[in-house]
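Chemist: Questions regarding the structure given below will be posed in turn.
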Amino acid sequence: MNQKKPIFTILSCLLSCFLILSACSHSDATSAKTQAEKKKEDKYEKLAKAKNKELDLKPLELTSYSDKIGASLSKPAYKEFAANGKVIIEGKIEKFSELKSDYAWIKVYSSEADPSENQLEYYAPIKDGKFKQTIHFFNGDGEYRVSVQLPSTKQDNYYYDTASFTVHNVNPDAERDVAYTPFGQDAELDLDLKSSYIKEKEIFPLKGEVKNLSDDDMIMLRLQKDSETWKQVVPVENGKFSYDVPLFYGKGLHTLEVLVPDEDRKNYYKTATTILIDNESDRKMSPIEYSKTYRERGVTLESPQFGGGKADGTYTIKGKIDPKAQFGPETTHIYVTTKKGDDEALDVIPVKDFTFDDSFYLRFGPGTYEVTLSVPEIKDEKSDYFRYFGFAKFEVKSTGEDERDLLPSRGVQSDDPTIKDLAAKLTASKGSDREKAKSIYDYVAKNISYDVQKYEDDDFNWDDSALKTLKLKTGVCQDYSYLSIALLRAGGIKARFIEGWAGSIFPGRHAWVETYVDGRWMTMDPTWGAGYLKDGKFVAHYTDQYFDPNMKEFEKTHTRTDVMY
């Protein structure tokens, strides 16, 4: 009696068949790939065997030094032979305990490579008297000369020739190994690379780990091309490090050395490995100049990483301060000096939670700027000046407009909403720029008192500013000027900070304002317009005598020395 099979049974069968067919299809593809690779491998194995038949295979001979230390090589066996892409060098040393180094030094030379690329060196660890190293051939097919040197029993860092042989590589695939020196191996350096020959465009992203270094250690990078050299130190964090290396010197081969700290000498480094980077870009960049302050104050500049960049009037810097470095917790800001020709400006970038990430203006119009980044001097005593120490210098090309007298600047927060709102209220009913400037002069002179104590104590701080003056309603000449300039610029009126001397009998340092109205630069001194000092106390006594004063009379008491941006 015929019975119908349940539907789920049929579906199960179909599904099983499908899975079997799929597996067979995948297996066939994998098998085909494997067979193709094996066929290729067999091709070069056959070429190697054929080449070896042509050669007079003579046994490898060792130098007399091998007898002295009881050294022997089990691989390779011949003095000249052919190989398919790689060779294994394996040996043992009976008197290994007498050696002054724990590494065998293996040098590989190509007879056809460019001189800068014709050599690669390996250091094979000697463990319990045995060493083994696999070498690949960095120039593809061709002739290579290989030498094996073993360490001296008397002198540190001294090696003796032990064996040399010639290899005819028949495989055209070039493979340049990442080879580490003893210093690199002792530090347990491991780069995230499969080859030590790389092609890149402008930037090479370097990553790696170094298990035998602490977070207090640094990795050094040394980049060379022809006669040009650049150095940089990179911090180690949790045994890892990374850095985007700019290929500064345009198209062509750059040599990058990775160096690890010298255990015996502070601030010295030893080569751990070398990488060849073929830059495919024609663009040339300027290295950043770092001073010793960079390391001493624990600065890490994350951006920019090279000079010669372009900007449209603003430029951003980013980085961090090591909290364990000297004055790390006290470093609350970074100074930025921008210089274009004879024009110079100083900006302040805040440091929060040991990081900084902010922009500054390239205020003097299009052209090339020299930018210097500095950390402040940390001191206990009060003073009327600031000292700072440069840690990095680089160039920036700007295409922005010259708006030096309208843009916000250090101490002049003309873009702050509080300043903008006040400026709008003060100038709302005024028709001309002169009337607006007079309204701002009147407000500052009438509402800000002179801080005698600050002047006498030299209690000047990096964060003195228009906003601080507006909040405290008191200040000295610089603070009157900061607030006046901020309100003028917020109202769309050009204004600038003037440095000089003032006083009839004993002139002292002073600051006042120049503002551009009615097609000319006009002077105003809101500090002197606010009142005067008598018996060491401030007497509020408003006068408009110092708004657009008679300059012949003004210059009897004021000497202008500079404009500060």
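Chemist: Could you say which residue among 449, 465 is over 45 Å from the mean Cα position of the chain (by Cα), among the hydroxyl-bearing types (Ser, Thr, Tyr) and not assigned by TED's automatic domain parsing to the domain that holds residue 350?
Modeler: Working: 465 fails: over 45 Å from the mean Cα position of the chain (by Cα).
Checking each option against the conditions leaves just 449.
Chemist: A further question on this structure: When you scan the stretch 463-483, do you find a residue that is farther than 30 Å from residue 330 by Cβ and in contact with a strand residue (DSSP E or B) (Cβ under 6 Å, 6 or more places away or on another chain), even just one? Don't jump to the end; show me each part of the working.
Modeler: Of the stretch 463-483, the ones farther than 30 Å from residue 330 by Cβ are none.
No.
Chemist: I would also like to ask the following. Filter the stretch 404-413 down to the residues that are assigned to a loop (DSSP other than H, G, I, E, B) and hydrophobic (A, V, I, L, M, F, W, C), then identify the one that is nearest to residue 437 (Cα to Cα).
Modeler: Going residue by residue through the stretch 404-413, those that are assigned to a loop (DSSP other than H, G, I, E, B) are 404-408, 410-411, 413.
If we keep only those that are hydrophobic (A, V, I, L, M, F, W, C) too, we end up with 406-407.
On the way: 406: 14, 407: 17 Å.
Filtering the stretch 404-413 for residues that are assigned to a loop (DSSP other than H, G, I, E, B) and hydrophobic (A, V, I, L, M, F, W, C), the one nearest to residue 437 (Cα to Cα) comes out as 406.
Chemist: In addition: When residue 110 is evaluated against the numbered criteria (1) of a type in the set (S, T, N, Q); (2) more than 24 Å from residue 51 (Cα to Cα); (3) under 38 Å from the mean Cα position of the chain (by Cα), which criterion, by number, is the only one it fails?
Modeler: The number of the failed condition is (2).
Chemist: Which residues, counting only those in the stretch 110-131, are touching a Lys or Arg at 6+ places or on another chain (Cβ under 8 Å), farther than 18 Å from residue 275 by Cβ and surrounded by fewer than 16 Cβ atoms within 10 Å (Cβ to Cβ)?
Modeler: Within the stretch 110-131, 111, 130 qualify.
Chemist: Which condition number in (1) at pLDDT 95 or above; (2) touching a helix residue (DSSP H, G or I) at 6+ places or on another chain (Cβ under 8 Å) is the one that residue 139 fails?
Modeler: (1)
Chemist: For the stretch 414-448, enumerate the residues that are more than 21 Å from residue 403 (Cβ to Cβ) and assigned to a loop (DSSP other than H, G, I, E, B).
Modeler: Passing the criteria: 428, 429, 430, 431, 432, 448.
Chemist: Can you tell me which residues in the stretch 221-272 are assigned to a strand (DSSP E or B) and of a type in the set (D, E, K, R)?
Modeler: Looking only at the stretch 221-272, we keep the residues that are assigned to a strand (DSSP E or B), and these are 221-225, 228-235, 237, 240-246, 249, 252-261, 269-272.
Once the filter is applied, which keeps residues that are assigned to a strand (DSSP E or B) and of a type in the set (D, E, K, R), the stretch 221-272 yields 222, 225, 228, 231, 237, 240, 244, 257, 270.
Chemist: Pull up the stretch 450-468, narrow it to residues that are among the polar types (S, T, N, Q) and surrounded by fewer than 14 Cβ atoms within 10 Å (Cβ to Cβ), then point me to the one that is farthest from residue 408 (Cα to Cα). Quick ask: steps written out before the conclusion?
Modeler: Applying the first criterion (among the polar types (S, T, N, Q)) to the stretch 450-468 yields 453, 461, 465.
Filter once more, so that each one left must be surrounded by fewer than 14 Cβ atoms within 10 Å (Cβ to Cβ): 453, 461.
Details: 453: 28, 461: 19 Å.
By that ranking, first place goes to 453.
Chemist: Let me ask something else. Return yes or no: is residue 276 in a strand (DSSP E or B), surrounded by fewer than 18 Cβ atoms within 10 Å (Cβ to Cβ) and either in contact with a Cys (Cβ under 8 Å, 6 or more places away or on another chain) or of a type in the set (A, V, I, L, M, F, W, C) (or both)? Working first, answer last.
Modeler: Working: in a strand (DSSP E or B): yes; surrounded by fewer than 18 Cβ atoms within 10 Å (Cβ to Cβ): no; either in contact with a Cys (Cβ under 8 Å, 6 or more places away or on another chain) or of a type in the set (A, V, I, L, M, F, W, C) (or both): yes.
The answer is no for residue 276.
Chemist: Another one. With a cut-off of at least 3 residues that are in contact with a strand residue (DSSP E or B) (Cβ under 8 Å, 6 or more places away or on another chain) and of a type outside the set (A, V, I, L, M, F, W, C), name the strands (runs of 3 or more DSSP E) lying wholly within the stretch 50-166.
Modeler: Answer list for the stretch 50-166: 71-75, 86-93, 103-110, 119-125, 130-136, 142-151.
Chemist: In the stretch 469-508, what count of residues is obtained for those that are surrounded by 17 or more Cβ atoms within 10 Å (Cβ to Cβ) and assigned to a helix (DSSP H, G or I)?
Modeler: Going through the stretch 469-508 one residue at a time, the tally reaches 16.
Chemist: Which of the strands (runs of 3 or more DSSP E) contained wholly in the stretch 300-374 include at least 3 residues that are more than 16 Å from residue 409 (Cα to Cα) and touching a strand residue (DSSP E or B) at 6+ places or on another chain (Cβ under 8 Å)?
Modeler: Per the criteria, 309-311, 314-321, 355-361.
Chemist: Is there a residue being surrounded by fewer than 19 Cβ atoms within 10 Å (Cβ to Cβ), within 20 Å of residue 317 (Cα to Cα), under 40 Å from the mean Cα position of the chain (by Cα) and of a type in the set (Phe, Trp, Tyr) anywhere in the stretch 392-405?
Modeler: no
Chemist: (1) farther than 27 Å from residue 407 by Cβ; (2) among the acidic types (Asp, Glu); (3) touching a strand residue (DSSP E or B) at 6+ places or on another chain (Cβ under 6 Å): which one isn't true of residue 555, the others all being true?
Modeler: (3)
Chemist: I'd like to verify a number: residues in the stretch 509-528 that are farther than 20 Å from residue 543 by Cβ and part of a strand (DSSP E or B), how many?
Modeler: Kept after step one, since they are farther than 20 Å from residue 543 by Cβ, are these residues of the stretch 509-528: 509, 516, 518-521.
Among the residues that remain, those that are also part of a strand (DSSP E or B) are: 509, 516, 520-521.
Qualifying residue count, the stretch 509-528: 4.
Chemist: Still on this structure, I have one more. Please work out which one of (1) within 19 Å of the chain's Cα centre (by Cα); (2) assigned to a loop (DSSP other than H, G, I, E, B) is the condition residue 213 fails and give its number.
Modeler: For residue 213, the exception is condition (1).
Chemist: Regarding residue 191, is this residue farther than 23 Å from residue 46 by Cα and either surrounded by fewer than 16 Cβ atoms within 10 Å (Cβ to Cβ) or not assigned by TED's automatic domain parsing to the domain that holds residue 73 (or both)? It would help to see each step written out before you state the result.
Modeler: Details: farther than 23 Å from residue 46 by Cα: yes; either surrounded by fewer than 16 Cβ atoms within 10 Å (Cβ to Cβ) or not assigned by TED's automatic domain parsing to the domain that holds residue 73 (or both): yes.
For residue 191, the condition - farther than 23 Å from residue 46 by Cα and either surrounded by fewer than 16 Cβ atoms within 10 Å (Cβ to Cβ) or not assigned by TED's automatic domain parsing to the domain that holds residue 73 (or both) - is met.
Chemist: Quick one: how many residues across the stretch 301-331 are small (Gly, Ala, Ser) and more than 11 Å from the chain's Cα centre (by Cα)? Steps first, answer last, please.
Modeler: From the stretch 301-331, those small (Gly, Ala, Ser) are 303, 307-309, 311, 313, 319, 325, 328; that's our starting set.
Next, only the ones that are more than 11 Å from the chain's Cα centre (by Cα) stay: 308-309, 311, 313, 325, 328.
Number of matching residues: 6.
Chemist: Hey, any hits in the stretch 88-97 for a residue that's assigned by TED's automatic domain parsing to the domain that holds residue 153, out of contact with any Lys or Arg (no Cβ under 8 Å at 6 or more places or on another chain) and within 15 Å of residue 165 (Cα to Cα)?
Modeler: No, the stretch 88-97 has no match at all.
The values are calculated or read from the model by the stated rules, or taken from the named source; none is laboratory data. What you see is a predicted model, and the numbers here were worked out from it, not measured in a lab. Because the Cβ atoms are built from the backbone with ideal geometry, glycine has one as well, and the counts that use them run over all protein chains shown.
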